[in-house]
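Asks: After the structure tokens below, expect a handful of questions from me.
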Amino acid sequence: MAAKGCVLVAGAGGLVGRAVIAHYLAQGGWEVLALSRRAPAPETGATHIAVDLADPASCAARLGVLGNVTHIVYAALFEKPDLTQGWLEEDQIAINLAMLTHLIDAIEPNNPGLRHITLLQGAKAYGVHLGQISVPGRERAPRHIHPNWTPPKTLVFLGWM
């Protein structure tokens, strides 16, 4: 079977990251890289890369050597203990933006075959932490206007966003 590509899953130890890894492994033909600070337990079956996305030097050192990444699934997240209040705080928004930026800045230069980035953010992107949203949630539903993060300039430049 010909290789379908190489998917890097950031946030590999979380619920979404584990599900994404299981999906790609079940498809067969994918090289799957599991990215998190600590190796997921139990193991996911993917190749684990330990890196702290909040540390740009660590990202550059650990991820800058990769050269065959075709897909990124970004499910990494920094949260404060008070989930509702934390999602309104500028420092939490800034840390999450920095983590994504560090990853893209490390991967993009040496991966000319990168063709897809999936950003998973969950219900907080819709403002569920600010009040009632329509159920079931729909893309066309009005959003709560609230501070969030903006895509890194690299994603905009590459035409990803």
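Asks: Can you say whether Gly86 is closer than 20 Å to Ala19 by Cβ, surrounded by fewer than 18 Cβ atoms within 10 Å (Cβ to Cβ) and modelled with pLDDT under 95, as far as the supplied structure shows?
Replies: Criteria not met by Gly86.
Asks: Another one. Is it the case that the range 142-161 has a residue that's of a type in the set (A, V, I, L, M, F, W, C) and at pLDDT 70 or above?
Replies: no
Asks: Of all residues in the range 14-52 being out of contact with any Gly (no Cβ under 9 Å at 6 or more places or on another chain), touching a residue at least 12 places away in the same chain (Cβ under 8 Å) and among the small types (Gly, Ala, Ser), which is farthest from Gly113 (Cα to Cα)?
Replies: If we take residues in the range 14-52 being out of contact with any Gly (no Cβ under 9 Å at 6 or more places or on another chain), touching a residue at least 12 places away in the same chain (Cβ under 8 Å) and among the small types (Gly, Ala, Ser), then Gly14 is farthest from Gly113 (Cα to Cα).
Asks: Only one of Ala98, Ala76, Ala54 is within 16 Å of the chain's Cα centre (by Cα), under 29 Å from Gly131 (Cα atoms), part of a loop (DSSP other than H, G, I, E, B) and not polar (S, T, N, Q). Can you tell me which?
Replies: Testing whether each residue is within 16 Å of the chain's Cα centre (by Cα), under 29 Å from Gly131 (Cα atoms), part of a loop (DSSP other than H, G, I, E, B) and not polar (S, T, N, Q) leaves just Ala76.
Asks: Here's another thing I want to ask about it. Take the range 30-51 and flag every residue that is polar (S, T, N, Q), over 16 Å from the mean Cα position of the chain (by Cα) and not in a loop (DSSP other than H, G, I, E, B).
Replies: Result: Thr47, single match.
Asks: Considering each of Arg18, Arg62 in turn, give the residue that is among the charged types (D, E, K, R), at pLDDT below 95 and not in a loop (DSSP other than H, G, I, E, B).
Replies: So the residue among Arg18, Arg62 that is among the charged types (D, E, K, R), at pLDDT below 95 and not in a loop (DSSP other than H, G, I, E, B) is Arg18.
Asks: Applying the selection to the range 29-67, what residues are more than 17 Å from Gly17 (Cβ to Cβ) and among the β-branched types (Val, Ile, Thr)?
Replies: Val65
Asks: Spot the failing condition for Val135; the list is (1) closer than 30 Å to Leu33 by Cα; (2) hydrophobic (A, V, I, L, M, F, W, C); (3) at pLDDT 70 or above, and only one is missed.
Replies: Among (1) closer than 30 Å to Leu33 by Cα; (2) hydrophobic (A, V, I, L, M, F, W, C); (3) at pLDDT 70 or above, the lone unmet condition for Val135 is (1).
Asks: Could you go through the range 53-71 and let me know if any residue there is in contact with a Lys or Arg (Cβ under 8 Å, 6 or more places away or on another chain), free of Cβ contacts under 8 Å to residues at least 40 places away in the same chain, of a type outside the set (Val, Ile, Thr) and surrounded by 14 or more Cβ atoms within 10 Å (Cβ to Cβ).
Replies: No: zero hits.
The values are calculated or read from the model by the stated rules, or taken from the named source; none is laboratory data. Predicted, not measured: the structure shown is a model, and the values here were computed from it. Heads up, the Cβs are rebuilt from the backbone with ideal geometry, glycines too, and the neighbour counts pull from every protein chain shown.
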